[in-house]
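Let me begin by presenting the structure, written as structure tokens, before commenting on it.
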Amino acid sequence: MMRTSYKLLLLFTLLLQVTLYAQNTPTVIELFTSQGCSSCPPADALLEEIKQKYGDQVITLSYHVDYWDYIGWKDPFATKGFTQKQYTYAEKFRSRSVYTPQAVINGRSHYTGSDKATIYNVLNSDNKIAQPIALTITKTTQNGNTVAIDYKTNTTTDANELTFAVTINEKVTQVKRGENRNKTLKNTHIVVAEQTLQRYASNGQILLQLPDWIQSTDQLSVVAYATKSNVGIIDAVTASL
């Protein structure tokens, strides 16, 4: 009888730990935006507002795409890689086209990035990640334009991919041409380097290369998240650099 009670107590404790961990796992918002898009500044502002409101409960990532550059203003933070990332989401969501601003939440659903009421409704609903894998960033170091990220996780099978990113906390730009000409734009949580591992060990190190325009005064952060096919993002963590 005592052995059975002990087993039940142990099972309850493990379930409680998993539940508490899941509750503490943040929501991830990926905003696809562009300085060449007149509809994007309100979404950029909303992303920062959400971060200020929810703090560590939300990880915010701003991906600048390059397909608006032809209008007359080349977004300094845009890359073809981030555009391709958005097209990959379009395939997942069976969308016929891509658009900005687009907010993807936990890799599972997408909304117009400036739709404040809808996004807050999603954030305040039961949107927590239910299958965390104890992903942690154990160490971050920067040597010139190279960032080393040490990580560990409790499994190598529950997630199909691990993604690592470096973000700049804030940048202010004077836009001279395009749809936002003569405007001063503030962008936050800008992804400047990213790499995804489809095969990974339970612990390891990944190296990311920063663009040459990064300045010593820029405040950088590191983000890591795990993705499971047909589910979305199942774990995420961030650390300062």
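Of note:
- Check on residue 172, part of a strand (DSSP E or B), out of contact with any helix residue (DSSP H, G or I) (no Cβ under 7 Å at 6 or more places or on another chain), without any contact (Cβ under 8 Å) to a residue 24 or more places away in the chain and of a type in the set (Val, Ile, Thr): yes
- Selection within the range 75-95 - without any contact (Cβ under 8 Å) to a residue 24 or more places away in the chain, farther than 23 Å from residue 116 by Cα and either open to solvent by less than 20 Å² (accessible area, probe 1.4 Å) or in a strand (DSSP E or B) (or both): 83
- Among the residues of the range 195-232, those identified as of a type in the set (S, T, N, Q) and part of a strand (DSSP E or B) are 195, 196, 203, 205, 209, 221, 227.
- One residue from 98, 147 being of a type in the set (A, V, I, L, M, F, W, C), touching a residue at least 40 places away in the same chain (Cβ under 8 Å) and in a strand (DSSP E or B): 147
Conditions (1) under 23 Å from residue 33 (Cβ atoms); (2) touching a strand residue (DSSP E or B) at 6+ places or on another chain (Cβ under 8 Å); (3) surrounded by 14 or more Cβ atoms within 10 Å (Cβ to Cβ), marked per residue:
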{"residue": "141", "(1), (2), (3)": "no, yes, no"}
{"residue": "151", "(1), (2), (3)": "no, yes, yes"}
{"residue": "156", "(1), (2), (3)": "no, no, no"}
{"residue": "159", "(1), (2), (3)": "no, yes, yes"}
{"residue": "163", "(1), (2), (3)": "yes, yes, yes"}
{"residue": "170", "(1), (2), (3)": "yes, yes, no"}
{"residue": "177", "(1), (2), (3)": "yes, no, no"}
{"residue": "190", "(1), (2), (3)": "yes, yes, yes"}
{"residue": "201", "(1), (2), (3)": "no, no, no"}
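- Reported count of residues in the range 52-79, each being within 25 Å of residue 236 (Cβ to Cβ) and of a type outside the set (Phe, Trp, Tyr), is 14.
- Residues in the range 209-227 that are in contact with a strand residue (DSSP E or B) (Cβ under 7 Å, 6 or more places away or on another chain), surrounded by fewer than 18 Cβ atoms within 10 Å (Cβ to Cβ) and over 12 Å from residue 168 (Cβ atoms): 209 alone.
- Consider the range 228-241 and keep the residues that are among the hydrophobic types (A, V, I, L, M, F, W, C) and surrounded by 22 or more Cβ atoms within 10 Å (Cβ to Cβ). The one that is farthest from residue 110 (Cα to Cα) is 236.
- Those residues of the range 37-74 which are within 15 Å of residue 98 (Cβ to Cβ) and assigned to a loop (DSSP other than H, G, I, E, B), in sequence order: 37, 39, 65, 66, 67, 68
- Scanning the range 164-211 for residues that are over 18 Å from the mean Cα position of the chain (by Cα) and basic (Lys, Arg) turns up 176, 177, 181, 183, 186, 199.
- Set side by side, the residues 33, 25, 60 differ, and just one is at pLDDT below 95 and not basic (Lys, Arg), which is 25.
- Residue 141 free of Cβ contacts under 8 Å to residues at least 24 places away in the same chain and under 18 Å from residue 223 (Cα atoms): yes
- A single member of 134, 117 is over 21 Å from residue 80 (Cβ atoms), free of Cβ contacts under 8 Å to residues at least 12 places away in the same chain and out of contact with any strand residue (DSSP E or B) (no Cβ under 7 Å at 6 or more places or on another chain), and it is 117.
- Cβ-Cβ contacts under 6 Å between residues 6 or more apart (or on different chains), taken from a first residue in the range 193-210 that is charged (D, E, K, R) to a second residue that is surrounded by 12 or more Cβ atoms within 10 Å (Cβ to Cβ) and at pLDDT 95 or above, are listed as 194/165.
- Some residue of the range 159-167 being assigned to a strand (DSSP E or B) and either without any contact (Cβ under 8 Å) to a residue 24 or more places away in the chain or of a type in the set (Lys, Arg) (or both): no
The values are calculated or read from the model by the stated rules, or taken from the named source; none is laboratory data. Remember, predicted model here, so these are calculated numbers, not experimental data. Quick reminder, even Gly has a Cβ in these numbers, built from the backbone with ideal geometry, and neighbours come from all protein chains shown. We work out accessible area using only protein heavy atoms, side chains counted, and drop any ligands, DNA or RNA first. Shrake-Rupley method; radii C 1.70, N 1.55, O 1.52, S 1.80 Å.
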